[in-house]
Amino acid sequence: MECNEKKTLSRISLVISVLPLLVFIPVLLEVTLPEGVSTVWAAVNAACAVAGLILSVLCVRSKESRSLVNIASAVISVFWCLLMAGRFQAFT
């Protein structure tokens, strides 16, 4: 990949990694979501966490493309995935 493509991919992975923070908007506004919307919202958050993790790992994998943005994206995505795994473990 070219340098510009790697920079774009790293920015996209950071944005996707931060998207699950949108879950706090209804909480801050004290809005209760209907059950179907809540389920879709949770699925999108899970997909964003996994996609962010995959993209950030692809960016961090090669030494020449490692940067602070890529590492931050990977850390944020790992945090979300661990949080989801812990939540899943609590249900079983």
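The values are calculated or read from the model by the stated rules, or taken from the named source; none is laboratory data. Everything numeric in this text was worked out from a predicted model, so none of it was measured. Cβ: placed from backbone, ideal geometry, glycine included. Neighbour counts: every protein chain shown. Remember, those area values only see protein heavy atoms, side chains included, never the ligands or the DNA or RNA. Shrake-Rupley method; radii C 1.70, N 1.55, O 1.52, S 1.80 Å.
Observations
- Student exercise, the chain dipole from Lys, Arg, Asp, Glu Cβ charges, in Debye to nearest 20: 360
- Accessible-area composition of the chain, carbon plus sulfur, in percent [1.4 Å probe]: 72
- Kirkwood radius for the chain, taken over all pairs of different Cα atoms as the inverse mean of 1/r, rounds to 14.1 Å.
- Per residue, in Å², the accessible surface of the chain once ligands and nucleic acids are set aside, probe 1.4 Å: 72
- Paramagnetic label zone (point 7 Å from Cα along Cα-to-C-beta, GLU64; backbone N under 14 Å) in the range 1-41: 1-7
- Estimated inter-spin distance, VAL23 and THR8, nm [label 7 Å along Cα→Cβ]: 3.1
- Nearest 10 degrees, 0 to 90: helix 3-18 Cα axis against the chain principal axis: 20
- Using alpha-carbon coordinates, inclination of helix 68-91 to the longest axis of the chain, degrees: 30
- Against the chain, whose longest principal axis comes from its Cα atoms, helix 35-61 is set at around 20 degrees.
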